[in-house]
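Asker: Following this message is one structure expressed as structure tokens.
Please treat every number below as a calculation from the coordinates, not as lab data. The model shown is predicted, which means the values in this text are computed figures rather than measured ones. Methodologically, a virtual Cβ is constructed for each residue, glycine included, from the backbone with ideal geometry; neighbour enumeration extends over all protein chains shown.
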Amino acid sequence: MVNNQSNRHKMCQPKISIIIAVFNRLELTQACLASLTTSLKDFSYEVIIIDDCSTDGTQEYLRSLTHPFRVIVDGPKGNYSINNNLGASMAKGDTLCFLNNDTEVPIGWLQPMLDALKNYPDAGFIGNVQKIPSTNRFDHFGVCFPEWLTPIHYGQHLKKRPKLNGPYRRWAAVTAACVVIKKETFLAAGGFDESYINGCEDMDLCLRLHKQGHWHYVAHESEILHYKGASPGRKRFNDRNLEKFKETHREYLEKYVICTDAHIAAKSYLRSSIASPMQTNLPKLIKSIKTLLLTPEKEAPLRYNSLKD
């Protein structure tokens, strides 16, 4: 009898825990959850939603949700890191999916990401291709680092996909707007650094995982919509977060990452500048052109050494 109960319990356990931190923007949350329900009919999953003191009717809506949704609506004010770490601590699945509430996911978005997590033993985060609905332009194929250290979304602002070789590509970092990761990997790394306030916490964790020998991959066959930065006050601490990130990771980036990322980052910045000239910074554009003209393109090693080596 005990064995039968144990087997039933295992069958009920979700394999994937989708964690969503929300603050206001009820209409986006509703659209996100509707797309999840439609796209995940064949998956065993739970959705953990952490509300960050919303005031626009979001809490009332979340309270009305039932299985597979689990909601926290009465906690203290937090931030992206605090709320997602809380969600991860509650997760019953072996695989975590961190998903922004300002995303919409189509049928077929998840399986290519799970396949990558299974096929690459060194995987940290698995990200995907993201597009901005308001512009119908791409925003993310991976993250690369230029000489000035500020993370660049490869392919940002492009109307057409850049040339992509194969179904996956590895990066030193990917945006956590939509990622999957093994729960044991996430917890072993200590989760998101809660001193970052709604920005750069994903880049920080990507590099901490990278120092431990993990690569991050983008699944090219998984493409979602991302309204990006839609939560009120989302960018209030951008400068502080970026300063902390650069101070923390400058040595590692300069020694191990930029030497191979500089060329692809420069190429991406140049393409983005052509596609969206009003958002171009002239000094960065000049640096990018010089890098393309004067710096040979290098292959990244299979694994970086840590700074302790």
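Asker: Take F125 and decide whether it is at negative phi, touching a residue at least 40 places away in the same chain (Cβ under 8 Å) and part of a strand (DSSP E or B).
Answerer: Numbers: at negative phi: yes; touching a residue at least 40 places away in the same chain (Cβ under 8 Å): yes; part of a strand (DSSP E or B): yes.
Taking the combined requirement at face value, the residue satisfies it.
Asker: When you go through A188, A176 one by one, which is the residue that is surrounded by fewer than 24 Cβ atoms within 10 Å (Cβ to Cβ), under 19 Å from D102 (Cβ atoms) and out of contact with any Ser or Thr (no Cβ under 7 Å at 6 or more places or on another chain)? Please lay out each step first, then the result.
Answerer: Details: A188 fails: under 19 Å from D102 (Cβ atoms).
Matching residue, one of A188, A176: A176.
Asker: Continuing with this model, one more query. With respect to M113, is the statement that it is buried (at least 23 other Cβ atoms within 10 Å of the Cβ) and either touching a residue at least 24 places away in the same chain (Cβ under 8 Å) or not charged (D, E, K, R) (or both) true? Give the steps one after another, and end with the answer.
Answerer: On the way: buried (at least 23 other Cβ atoms within 10 Å of the Cβ): yes; either touching a residue at least 24 places away in the same chain (Cβ under 8 Å) or not charged (D, E, K, R) (or both): yes.
Yes.
Asker: Grab the strands (runs of 3 or more DSSP E) fully contained in segment 139-231, keeping just those with 3 or more residues being within 17 Å of N83 (Cα to Cα). Please lay out each step first, then the result.
Answerer: Values: elements: 168-171, 178-182, 215-226.
Those strands (runs of 3 or more DSSP E) span 178-182.
Asker: Okay, moving on. Which one of the conditions (1) closer than 14 Å to G87 by Cα; (2) in contact with a Phe, Trp or Tyr (Cβ under 8 Å, 6 or more places away or on another chain) does V73 fail to meet, given that it meets all the rest?
Answerer: (2)
Asker: Going by the structure shown, is G124 over 18 Å from the mean Cα position of the chain (by Cα) and surrounded by 18 or more Cβ atoms within 10 Å (Cβ to Cβ)? Walk me through how you get there before you give the answer.
Answerer: On the way: over 18 Å from the mean Cα position of the chain (by Cα): no; surrounded by 18 or more Cβ atoms within 10 Å (Cβ to Cβ): yes.
So G124 fails the test.
Asker: Tell me which helices (runs of 4 or more DSSP H) are completely within segment 5-100 and hold 3 or more residues being among the aliphatic types (A, V, I, L, M), or say none if there are none. Talk me through it step by step, then tell me what you get.
Answerer: Working: elements: 26-39, 58-63, 80-90.
So the answer is 26-39, 80-90.
Asker: Looking at segment 129-138, which of its residues are crowded, with 17+ Cβ neighbours inside 10 Å and farther than 25 Å from Y80 by Cα?
Answerer: Passing the criteria: only R137.
Asker: Quick check on segment 33-48. Is at least one of its residues over 15 Å from the mean Cα position of the chain (by Cα), at positive phi and not aromatic (F, W, Y)? First the steps, then the outcome.
Answerer: We begin by selecting, within segment 33-48, every residue over 15 Å from the mean Cα position of the chain (by Cα); these are 33-48.
With the extra rule that they be at positive phi, the set shrinks to none.
Checking segment 33-48: not a single residue is over 15 Å from the mean Cα position of the chain (by Cα), at positive phi and not aromatic (F, W, Y).
Asker: Please enumerate the residues belonging to segment 36-64 that are over 14 Å from S17 (Cα atoms), surrounded by fewer than 15 Cβ atoms within 10 Å (Cβ to Cβ) and free of Cβ contacts under 8 Å to residues at least 24 places away in the same chain.
Answerer: Across segment 36-64, the qualifying residues are K41, D42, E60, R63, S64.
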